[in-house]
1. Of SER32, SER25, which residue is part of a strand (DSSP E or B), closer than 26 Å to VAL112 by Cβ and among the small types (Gly, Ala, Ser)?
2. Within the range 30-67, restricting attention to residues that are touching a residue at least 60 places away in the same chain (Cβ under 8 Å) and among the polar types (S, T, N, Q), which residue is nearest to SER108 (Cα to Cα)?
3. Among (1) assigned to a strand (DSSP E or B); (2) surrounded by fewer than 13 Cβ atoms within 10 Å (Cβ to Cβ), where does ILE97 come up short?
4. Assess whether THR113 counts as being surrounded by 12 or more Cβ atoms within 10 Å (Cβ to Cβ) and not hydrophobic (A, V, I, L, M, F, W, C).
5. Restricting attention to the range 21-47, report how many residues are more than 30 Å from ILE76 (Cβ to Cβ), over 20 Å from the mean Cα position of the chain (by Cα) and either modelled with pLDDT of 90 or more or not hydrophobic (A, V, I, L, M, F, W, C) (or both).
6. Of the residues THR19, THR74, which single one is in a strand (DSSP E or B) and surrounded by fewer than 12 Cβ atoms within 10 Å (Cβ to Cβ)?
7. From ARG42, ARG36, which residue is within 16 Å of SER17 (Cβ to Cβ) and crowded, with 17+ Cβ neighbours inside 10 Å?
8. I'm trying to understand the selection: among the residues of the range 7-51, which are among the acidic types (Asp, Glu) and within 16 Å of SER82 (Cα to Cα)?
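The values are calculated or read from the model by the stated rules, or taken from the named source; none is laboratory data. Computed from a predicted model, the values in this text were never measured in an experiment. Cβ sites come from the backbone with ideal geometry, for glycine too, and all protein chains shown count toward neighbours.
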Amino acid sequence: MPLARNESPALVIEPVSDTCEQNLSLPKLDWSLTVRISIIVRASTSDDVPDSVADPIVESVHSKMTADLTLNSTCIDVQPQSVSFEMVDADQAAGVIGMDFLIRYRTSVNSVTA
């Protein structure tokens, strides 16, 4: 997704995978949704390093995602999974920091909405 310089820093939130298993004899499915939050940054000066520019944003995303591990009682748990770093050649140093979170939730066997 191309972004103009004035559009960064930017956050891109996307689903990565959603898998389920039936762990109980109850008519319930346990789901594991992996969500990736990508932080896109550009260095503002030649001395800036993109991952350092992103540090306060990474800290903010992490604290917000883990502030309520049930996401207002809509899931069972939120678990941080991984952080990846990709440095990109652009007119100025740029980077994409990917943060993956595992969101666990439960539905009934015959409905994915309840």
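1. The conditions single out SER32.
2. The qualifying residue nearest to SER108 (Cα to Cα) is SER32.
3. (2)
4. On the way: surrounded by 12 or more Cβ atoms within 10 Å (Cβ to Cβ): no; not hydrophobic (A, V, I, L, M, F, W, C): yes.
The answer is no for THR113.
5. Residues flagged as more than 30 Å from ILE76 (Cβ to Cβ), over 20 Å from the mean Cα position of the chain (by Cα) and either modelled with pLDDT of 90 or more or not hydrophobic (A, V, I, L, M, F, W, C) (or both) within the range 21-47 amount to 4.
6. On the way: THR74 fails: in a strand (DSSP E or B).
Matching residue, one of THR19, THR74: THR19.
7. Numbers: ARG42 fails: within 16 Å of SER17 (Cβ to Cβ).
Only one candidate passes the filter, namely ARG36.
8. Here is the first cut: in the range 7-51, the ones among the acidic types (Asp, Glu) are 7, 14, 18, 21, 30, 47-48, 51.
Matches in the range 7-51: GLU14, ASP51.
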